[in-house]
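In what follows, a single structure is set out as structure tokens and then discussed.
The values are calculated or read from the model by the stated rules, or taken from the named source; none is laboratory data. All of these numbers come straight from a predicted model, not from anything done at the bench. Quick reminder, even Gly has a Cβ in these numbers, built from the backbone with ideal geometry, and neighbours come from all protein chains shown.
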Amino acid sequence: MSASSARFVAAIALLAQLTACASARGIAASSEPIVSFKSNVLSADVIASAGAVSIEQLIAERIPGVTLDRSLDGPPTLRIRGTSSWRTNAQPLYVVDGFPLMSVVGAPPVFNSADILRLEVLKDAGSTAMYGGRGGAGVILIETKKR
């Protein structure tokens, strides 16, 4: 037996031992990923029960790590992933029914809460990676009620 095949057999034996140890501890193998990203979702029921509260305020109140910055001279701004840098703003990307919204800097889009079926806030880099640089400050996914 060559040295490389001996290392391969040793690696397989170690993997078998780890699997046996995990099953002895009650850790079952599953098809779900080991690392999962925390999803921050607001359903239509939660949004409707909030009453006349703005969507931005509801997100800041219900989702940990999200703050609502209020300035004297402009509209409130959601901060999902920290403050802005000198080159970009820290306004999150809004994606409504799969379409990214391009908003005016400093002015978040206005939504009717009665039209929102589901709202999800993506905060970590793994979740926002598919949106590239535009999702660097976080992404707010909004699914509307189809009429």
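Worth pointing out:
- Residues within region 71-80 that are surrounded by 11 or more Cβ atoms within 10 Å (Cβ to Cβ) and over 16 Å from residue 110 (Cβ atoms), tallied: 2
- Exclusive hit being in contact with a Lys or Arg (Cβ under 9 Å, 6 or more places away or on another chain), modelled with pLDDT of 80 or more and loosely packed, with under 15 Cβ neighbours inside 10 Å, set 114, 50: 114
- Of all residues in region 117-142, those satisfying the criterion of being under 20 Å from residue 61 (Cβ atoms) and at pLDDT 85 or above are 117, 118, 119, 120, 121, 122, 123, 138, 139, 140, 141, 142.
- Look at region 1-13: where a residue is of a type outside the set (D, E, K, R) and a partner is modelled with pLDDT of 70 or more, sitting 6+ places away or on another chain with Cβ atoms under 8 Å, you get 1/9.
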